[in-house]
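Each remark here refers to the structure printed beneath this line.
No lab work stands behind these numbers, since they all come straight from the coordinates. From a predicted model like this one, the values you see are computed outputs, not experimental measurements. So basically every Cβ, Gly included, is an ideal-geometry build from the backbone, and we count neighbours across all protein chains shown.
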Amino acid sequence: MSAAMPKPDRRDPVDEARRILAANDRGGYTVPTDRLYPFQWNWDSAFVAMGFATYDSDRALRELERLAEGQWDDGMIPHIVFHAPSDTYFPGPEVWRTHHRIPTSGITQPPVFGMALAFIEARAGGKYRDRVAALYAAAMKNMRWWRSARDPEGTGLVATLHNWETGRDNSVEWDAPFARVPETTTTVLRRRDTGHIDASMRPTDADYRRYIHLVDSYADVGWKPAQMWRVAPFKVADIGANAILAASAGELAKLASRFGDADDEALLASMARPPFVWSEALGVFLSQDLIAGAPIAVATSAGFLPMLTDAPTPQQVDRLAAHVEALVAQGLLPVPSTLPGQPGFEPKRYWRGPVWVVVNWMIARGFARHGRSALADAIDTLTRNVIDEEGFAEYFDPCTREGLGGGVFSWTAAVRLLLAR
Ligand code: 9WN
């Protein structure tokens with residue numbers, strides 16, 4: 001554990017997790033962590049909302065409502081909502097140059113929103129009907145946006161146009177597609193992250209120049225989906241975002257008979273089982289590089305997430321289970337963001353190896369859905385233990401279990417609440 005990483009309160013990690021969410025609350029929305037991420041992030045907030053739902057349905061709904069305040073008229077839910085100014089993060093609103101009522105970024109993130117809404121509704125005991133109805137409408141508008149803006153050719157899989165949209169910013173999967181993005185920017189880079197976190201764990205400066213090149217390119221076309229699609233130098237069908245989108249479709253379908261109509265039901269049914277790409281050689285599901293027109297042959301933790309849907313066959317689930325069993329047998333913490341042995345695996349550098357507990361939580365739910373409850377329980381126990389031993393870190397080294405990145409992290413606290421016995 002790095003010197004700055006606070007040790008958890010061993011007396012009661014659940015109380016400590018609640019205290020972290022309270023401390024990161026900025027008024028109905030929760031920042032991922034103080035200073036490093038001082039705004040509302042999309043998929044972080046959806047996990048946080050589920051964490052709140054374990055003890056406060058009202059606050060859980062509020063988290064999603066504040067995120068939905070950032071929803072664009074076309075249905076896009078941005079990856080960052082800049083509710084209040086802060087100078088501790090780059091790139092801020094002046095770089096994004098979007099035109100929403102509240103300043104937002106111009107790209108999205110994996111749509112955990114629908115999963116979270118169904119999760120909260122199931123625990124709210126029939127209360128808050130009007131608020132759930134409004135959030136259901138926002139979620140459906142967002143599902144339609146994904147369909148039209150990010151799958152205009154009707155392939156059944158949606159595209160992400162910026163690494164940050166995948167939420168797994170510097171995954172080894174993106175190395176080749178990202179190498180096509182020029183490093184030129186019209187914006188001066190003023191990184192703040194490396195002032196908070198050791199640079200060896202963060203994306204590189206060259207990565208940042210490309211991230212901002214993408215932002216500049218899309219800002220230049222006014223953030224219009226059809227034009228972004230046309231100019232995008234980075235276009236991948238991220239297996240993580242696609243699995244989460246399909247899982248959200250399946251979860252929203254449980255609400256559709258009460259809050260929606262037949263059109264919604266038909267749309268959700270068609271989105272719940274997309275044509276995921278499986279690698280027999282690697283034994284995981286794969287992302288695809290849509291510009292090269294080819295699957296990306298890298299085994300990542302996101303390649304397990306189609307188990308959140310009914311798509312995987314029993315044989316595929318067995319192959320995925322075998323990876324986890326092998327990791328545990330080797331004394332490694334499952335499930336590293338890049339599986340060890342894959343080229344590019346780096347156990348400490350952001351999404352190139354470390355374990356993220358939100359991904360673990362989803363993988364365990366996937367195994368449970370496919371009848372592998374003992375394995376799901378084992379992942380849950382290892383996840384709970386690493387948080388209790390190492391703290392509420394942003395992510396964990398799979399080899400040493402050390403907590404890394406930002407400390408006092410909201411989605412880690414949320415997962416600890418979800419895993420409370
Ligand atoms: C860019 C907030 C976010 C997470 C992402 C994670 C990281 C941002 C960054 O932090 O991304 O969105 O600046 O590095 O990669 O998954 O949502 O916790």
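For segment 323-332, 3J(HN,Hα) computed residue by residue from phi via the Karplus equation (6.51, -1.76, 1.60; θ = phi - 60°) reads 4, 5, 4, 5, 4, 5, 4, 8, x, 9 Hz, glycine and proline entered as x.
For GluC sites (Glu not before Pro), the sites in segment 249-358 that DSSP calls loop and that have at most 15 other Cβ atoms within 10 Å are Glu280. Result for the chain in a Gaussian network model with C-alpha springs under 10 Å: among Pro347, Pro336, Pro275, the largest mean-square fluctuation is at Pro275.
Normalising the average separation of contacting C-alpha pairs (under 8 angstrom, six or more residues apart) by the number of residues puts the relative contact order of the chain at 20 percent.
Taking 0.36 nm per residue of separation and subtracting the Cα-Cα distance, full extension of the segment from Gln330 to Arg421 would add 30.1 nm.
Hey, with R₀ at 56 Å, roughly what FRET efficiency would Ala84 and Gln315 work out to, going by the Cβ-Cβ distance, to 0.05?
0.65
Between Asp44, Asp261, Asp238, the Gaussian network model of the chain with springs among Cα atoms under 10 angstrom shows the greatest mean-square fluctuation at Asp261. Ranked by how many other Cβ atoms sit within 10 Å of their own Cβ, fewest first, the residues Asp193, Asp318, Asp130 fall in the order Asp130, Asp318, Asp193.
Among the lysines of the chain, pairs that are 8 or more positions apart or on different chains and have alpha carbons within less than 27 Å of each other number 8.
Helix-derived [θ] at 222 nm for the chain: sum -39500 (n - 2.57) over DSSP H runs of at least 4, divide by residue count, nearest 500? Mind dumping the intermediate values first?
Values: 17 runs with 195 residues, N = 421.
Mean residue ellipticity at 222 nm (helix-derived): -14000 deg cm²/dmol.
The 3J(HN,Hα) values that the Karplus relation (6.51, -1.76, 1.60; θ = phi - 60°) gives for segment 95-103 are, in residue order, 7, 6, 6, 9, 10, 8, 4, 9, x Hz. Gly and Pro appear as x. Here the gap between Ala292 and Glu389, fully extended at 0.36 nm per residue and compared with their Cα-Cα distance, gives a gain of 30.6 nm.
For Thr104, the residues 5 or more places off, or on other chains, whose built amide H falls under 5 Å of its own are Phe82, Thr98. Residue-wise HN-Hα couplings along segment 238-243, as the Karplus relation 6.51 cos²θ - 1.76 cosθ + 1.60 with θ = phi - 60° gives them from phi, are 5, 5, x, 4, 5, 5 Hz; Gly and Pro carry x.
Between Thr155 and Lys224, the contour length at 0.36 nm per residue exceeds the Cα-Cα span by 22.8 nm.
Below 8 Å, C-alpha to C-alpha, sequence gap of six or more: please give me the relative contact order for segment 132-212 in percent. Can you show the working numbers first?
On the way: 33 pairs, mean separation 19.6, N = 81.
Once divided by the residue count of segment 132-212, the mean separation gives 24 percent.
Sorted by packing (mean other beta-carbon atoms within 10 Å per residue), highest first, where do 48-56, 384-392 land? Let's see the in-between values first.
Numbers: 48-56: 24.2, 384-392: 20.2.
Packing order, densest peptide first, comes out as 48-56, 384-392.
Between Ala22 and Ile102, take the C-beta separation as r, use R0 = 22 Å, and let me know the FRET efficiency to the nearest 0.05.
Rounded to the nearest 0.05, the efficiency is 0.40.
Using amide H atoms built 1.01 Å from N in the peptide plane, name the residues 5+ places from Thr338, or on other chains, whose amide H lies under 5 Å from its own. Amide H neighbours of Thr338, under 5 Å, 5+ apart: Ser301, Gly353.
This model, with +1 at the C-beta of Lys and Arg and -1 at the C-beta of Asp and Glu, gives the chain a dipole about its Cα centre of some 360 debye. Comparing Lys224, Lys348, Lys235 in a Gaussian network model of the chain, where Cα atoms under 10 Å apart are tied by springs, the biggest mean-square fluctuation is seen for Lys224.
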